[in-house]
Amino acid sequence: MLLCVNSHHQPWTSTLPTLTLLPNCKTSNDVNQIHARLLTTGFIRNDFLTTKIILNFISSPHAHLVEFARHVFFTRHAFRVRRKQEDPFLWNAVMKSYSHGREPKQALAMFCLMLENGVCVDKFTFSLVLKACSRVGLVKEGMQIHGLLKKMEFGLDVFLQNCVILWYLRCGFVEIARQVFDRMPKRDSVSYNSMIDGYVKCGMIISARELFDCMPVEEKNLISWNSMISGYAQSKDGLNVAWELFEKMPVRDLVSWNTMVDGCVKHGKMENARRLFNQMPKRDVVSWANMIDGYAKLSSIDVARSLFDGMPERDVVACNAMMAGYVQNGYCMEAVKIFHDMLSKSEMIPDATTLLIVLSAIAQLGHIEQGIALHRYLEENGFSLNGKLGVALIDMYSKCGSIGNAKSVFENIEEKSIDHWNAMIGGLAIHGLGKLAFDLFMEMGKLCVKPDDITFIGVLNACGHAGLVKEGLVCFDLMRRVHKVEPKLQHYGCMVDIFCRSGHIEEARALIEEMPVKPNDVIWRTLLGACKNQGNFNIGEPIANYLIGLDYNNPSSYVLLSNIYAGQGMWNDVSRVRMMMKERNLKKTPGCSWIELEGTVHEFFVHDKSHPQVTEIYSMLNSLWIPNSGASYCQS
């Protein structure tokens, strides 16, 4: 945008050229030209013009315009001499840019500034600062504002009382919100709907229903009905009640239909969901996405894809649902293909959810090259790695075998959450780098990063894979005594694994017997595997028989028992176990490994001969095992 300073139509002293250009101002260069004109003409001291600039720019989607409006406000308006009882309209406009924007805490700072400087505050000022407190979860400050509101003439205004209720609900104080509601001299539909929605979100469906039933008929609207239907539809045994309310509704909208479809999907009632879907007078992308998600969760991926292909138009939400369905069912390549299709369409911009799904798909595929390309896409498009995307990226690199890249991502993240630390520790664990994982855990303590139960699972798992018994015991002790984390089944399972891998079978059995939680089949099978490796027949045989009785369809228990008998030379018992497997049509699941070479992933199963280069592969493997072969390993 160019400013014509020598206009033939308006004199230099006219503000009109500047005013007409304001709606077209978008870039930082435009802002700089406006600012320069204000300074060179002296219009920066024109209250009328600066007010217009603030009101035009303060609600702009462009951050630099909002910042300029704030700059003009604080330098030209905030601290000038004010008339008594001056309207705080301009203050409220700027405060709204904070309360509804990226810096809600600054709205509270502005509110304090208004009080300190004697600026008149009105009910809109209070509503904005309460909005900011609810977004950030400022409990103490919100209560102080509520206390101040009680002293104001307009303190009992219905609109403001609704704002207070909403703030209490978002901070989790449902009972206090109800007290405010009960003391209101007058209520409207927003009052009732806020309380009902608050009860529903806290899982207090009975309280929500009681309030809904005593709600005046004239106050009930679509929001009231939809809130109740949503509450019942999401609860464990409430779908039938949701149906009853849905049938009784005086009028329905798209939200009503989508809520019921979603409820049926979450309860696995896909026939009911499909019937509702077919009856819908109008559908949106949410309707289609719900159905796609439902069929995908039931492993009916072909039906889900058929719905996806039949959509009149798609958006990111629908693509995410289809991609997530593919990943859940193991079709990761198809998920990645949808992502690339999205990139080829200019109107389809992937969001953070899209990228999380595709990172998960690439991690499962082990496609390191695609992972690197996606990392580059994240950087080029300005996605922050401080949140879930950074966690997923670390996890992806770890699972693709590039622990170096995972460490590089971790080290470059400025604001690390506990999830980033957990992902890095987990990555080191699966690479057998137990010592590094333990050292990283100790570094967390030095930096005052509080570990959670997932942290300890990662560290204990790492210690188990690296044979670090002492470090594992230290970690388990720190978890209970220092960090006051109550061990769960997974933690005990990791400790059993640590003992078993190091050959301490008696200690493993003692721990299982002392556990306050009932051990599952995985823990028993871990101990059984150790008994097989150590040739411990006395402990292993009863465990194997117990596991077979627990789940006679799991072949691993039979195989381990057979191997234990074989180790003792009990061949009749070996034949008996193998015969049991044959009679029950049980086969051992073959081991699988894969490697990426020049962009292609090669997958191998035990005794697999389906690879096109199988002859060369087995020839190489055989040469590696022949003593004194020229292709034997080199000793460093």
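The values are calculated or read from the model by the stated rules, or taken from the named source; none is laboratory data. In this text the structure is predicted, and so the values were computed from the model without any measurement. Cβ: placed from backbone, ideal geometry, glycine included. Neighbour counts: every protein chain shown. These accessible areas exclude ligands, DNA and RNA; they are computed on the full protein's heavy atoms, side chains included. Shrake-Rupley method; radii C 1.70, N 1.55, O 1.52, S 1.80 Å.
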**Item:** Filter result for the condition that a residue is touching an Asp or Glu at 6+ places or on another chain (Cβ under 9 Å) and touching a residue at least 24 places away in the same chain (Cβ under 8 Å), over 222, 239, 298
**Value:** 222
**Residues of region 399-420 satisfying the condition of being open to solvent by 50 Å² or more (accessible area, probe 1.4 Å), under 20 Å from residue 451 (Cβ atoms) and part of a helix (DSSP H, G or I)** = 407, 411, 419
**Complete:** Among helices (runs of 4 or more DSSP H) entirely within region 227-286, at least 3 residues that are more than 25 Å from residue 308 (Cα to Cα) and not polar (S, T, N, Q) occur in 239-248
**Asked** Could we say that residue 327 is at pLDDT 95 or above and in contact with a helix residue (DSSP H, G or I) (Cβ under 7 Å, 6 or more places away or on another chain) here?
**Response** yes
**Message:** Tell me yes or no: at least one residue of region 162-181 is basic (Lys, Arg), modelled with pLDDT of 90 or more and either open to solvent by 50 Å² or more (accessible area, probe 1.4 Å) or outside any helix (DSSP H, G or I) (or both).
**Reply:** yes
**Asked** Just checking, which of 129, 190 is among the aliphatic types (A, V, I, L, M), touching a Ser or Thr at 6+ places or on another chain (Cβ under 8 Å), part of a helix (DSSP H, G or I) and free of Cβ contacts under 8 Å to residues at least 40 places away in the same chain?
**Response** 129
**Request:** Please name all residue pairs, on different chains or six or more residues apart, with Cβ atoms under 6 Å, provided the first residue is in region 576-587 and is in contact (Cβ under 8 Å) with a residue 24 or more places away in the chain and the second residue is assigned to a helix (DSSP H, G or I).
**Result:** 581/558; 586/555
**Fill in**
For region 144-161, the count of residues that are out of contact with any helix residue (DSSP H, G or I) (no Cβ under 6 Å at 6 or more places or on another chain) and surrounded by fewer than 17 Cβ atoms within 10 Å (Cβ to Cβ) equals 10
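For every residue, the table says whether it meets (1) polar (S, T, N, Q); (2) surrounded by fewer than 20 Cβ atoms within 10 Å (Cβ to Cβ); (3) in contact (Cβ under 8 Å) with a residue 60 or more places away in the chain.
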{"site": "360", "(1), (2), (3)": "yes, no, no"}
{"site": "372", "(1), (2), (3)": "no, yes, no"}
{"site": "383", "(1), (2), (3)": "no, yes, no"}
{"site": "386", "(1), (2), (3)": "yes, yes, no"}
**Asked** Of all residues in region 537-568 being open to solvent by 40 Å² or more (accessible area, probe 1.4 Å) and part of a loop (DSSP other than H, G, I, E, B), which is farthest from residue 585 (Cα to Cα)?
**Response** 568
**Fill in**
When every residue in region 36-71 that is within 18 Å of residue 107 (Cβ to Cβ) and hydrophobic (A, V, I, L, M, F, W, C) is compared, the one nearest to the chain's Cα centre (by Cα) is 63
